[in-house]
Amino acid sequence: KNSAGKPLSVRDKQHIHPVQALEDCDFSQIDIALFATENNVSKEYIPCALENHCRVIDSSSFYRLQEGIPLIVPPVNGDQIKQHDRLIAAANCLASPLSIVLSSLMSVAPIRRAVVTTFQSTSGAGKGSMDELEQQTHSYFNQQPLIPRYFPRQIAFNLFPQVGEILEDNFCTEEVKIVKETQKILNTPIPILATTTRVPVFIGHSIAIVVEFSENFSMQTIKEKLRSMPGIRLVDHHGSDYLTPVECQNQNDVFVGRLRRDPTVSHGLSLWTVSDNLRRGAALDTVEILQLMLNGSAEGSGQNPIG
Ligand SMILES: NC(=O)c1ccc[n+]([C@@H]2O[C@H](COP(=O)([O-])OP(=O)(O)OC[C@H]3O[C@@H](n4cnc5c(N)ncnc54)[C@H](OP(=O)(O)O)[C@@H]3O)[C@@H](O)[C@H]2O)c1
């Protein structure tokens, strides 16, 4: 509604569309709607779209865990999209890269448990939260008070182990989402312990992943499987085997590096991943799902379906 009437250009300046308020939308004129909105907006308008025979891809978390609604991360379970699916949920921006990496590792050996620690950029919480990091940085250098509005604590020159609300059992909502969504995408109740942190980065989510396999594995097989998994780029140049959030921006791949054996358990592996959260787990997943709905195949993560 805020943007109604503003020009929106798609791909190039020759395709400029004025933004229309959702409440004025006639869904019967639309074949497929892509919702990139908060839960309450998806909850209110998606039933209306479906009633008007419009197919829907939803990026919000509202429908993701509902029984019977496919939760799709195209490189992992894109083959589950059926011709008759009317509504498909796209995954959280951590659950998507995590499930891609775990899916690849599960093809090496069964996973007994995984421990993940996230380092999430401010854009994961929307435009207003990105602006808060910028404003607080400005206030810091101008010796003005740093007032949190979107976040629970100061974000500039700081970090905090809370993404979303803290629940009664002391987990936060993002930790629950990551675990439950990843289990649904992988179609297995793999035990995952998650700690989610918000860091003063604009774009790019990082995850430190520790996996315990139930049997021995070879590092060479791990690397081969990661290399051949669509959506992953293995970074294994000796001495420089990782990427940072700044380096992954505007790229589609989940970059995996810092592979090392965990010496504290029998069959453990530790690794580092980073991905552009505005693409993988957001716009890219949605566009790949759209391609699968239309053509039966995504163009491929190495390509650039979102330009
Ligand atoms: N950011 C990520 O990394 C990420 C990843 C995966 C999923 N998601 C999910 O995607 C959704 C959007 O997140 P975001 O980061 O893009 O948030 P955002 O930057 O805050 O953008 C929200 C969008 O929703 C629109 N909107 C708000 N109220 C509306 C209404 N009543 N009717 C129609 N449109 C309305 C806003 O339009 P105006 O500008 O006109 O107000 C804006 O374009 C959320 O559900 C989020 O959980 C985000």
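The values are calculated or read from the model by the stated rules, or taken from the named source; none is laboratory data. Everything numeric in this text was worked out from a predicted model, so none of it was measured. Positions of Cβ are generated from backbone atoms using ideal geometry, with glycine treated the same way; all protein chains shown enter the neighbour counts.
Rundown of residues vs (1) surrounded by fewer than 19 Cβ atoms within 10 Å (Cβ to Cβ); (2) at pLDDT below 95, yes/no style:
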residue: I111; (1), (2): no, no
residue: V115; (1), (2): yes, no
residue: S123; (1), (2): no, no
residue: E132; (1), (2): no, no
residue: Q136; (1), (2): no, no
residue: I147; (1), (2): yes, yes
residue: I155; (1), (2): no, no
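The residues in the range 48-66 that are aromatic (F, W, Y) and touching a helix residue (DSSP H, G or I) at 6+ places or on another chain (Cβ under 6 Å) can be counted, and the count is 1.
Filtered by the rule that a residue be of a type in the set (A, V, I, L, M) and out of contact with any helix residue (DSSP H, G or I) (no Cβ under 8 Å at 6 or more places or on another chain), the range 120-141 gives a lone residue, A125. Cβ-Cβ distances below 6 Å connect the following pairs, each with a first residue in the range 57-70 that is aromatic (F, W, Y), a second residue that is crowded, with 17+ Cβ neighbours inside 10 Å, and a separation of six or more residues or different chains: F62/S42; Y63/I69; Y63/A89. Of the residues making up the range 4-26, one or more are exposed (fewer than 14 other Cβ atoms within 10 Å of the Cβ), assigned to a loop (DSSP other than H, G, I, E, B), basic (K, R) and within 12 Å of the ligand (Cβ to nearest atom). The criterion of being over 29 Å from I192 (Cα atoms) and not assigned by TED's automatic domain parsing to the domain that holds Q291 holds for G128. Residue count for the range 117-156 under the criterion of being more than 16 Å from the ligand (Cβ to nearest atom) and of a type in the set (D, E, K, R): the result is 1. Considered as a group, the residues in the range 85-102 that are of a type outside the set (A, V, I, L, M) and either more than 14 Å from L284 (Cβ to Cβ) or assigned to a helix (DSSP H, G or I) (or both) include one that is modelled with the lowest pLDDT, and that residue is D85.
Here's a check for you: in the range 157-197, which residue that is among the hydrophobic types (A, V, I, L, M, F, W, C) and in contact with a Phe, Trp or Tyr (Cβ under 9 Å, 6 or more places away or on another chain) is farthest from I111 (Cα to Cα)? The residue in question is F157.
Residues in the range 213-232 that are under 20 Å from R280 (Cβ atoms) and buried (at least 21 other Cβ atoms within 10 Å of the Cβ): L226, M229, G231, I232. Only helices (runs of 4 or more DSSP H) whose full extent lies in the range 146-256 are considered here, and the ones with at least 1 residues that are without any contact (Cβ under 8 Å) to a residue 12 or more places away in the chain and closer than 29 Å to A298 by Cα are 173-186, 219-228. A count restricted to the range 32-88 and to residues that are farther than 20 Å from L186 by Cβ and either hydrophobic (A, V, I, L, M, F, W, C) or more than 16 Å from the ligand (Cβ to nearest atom) (or both) stands at 22.
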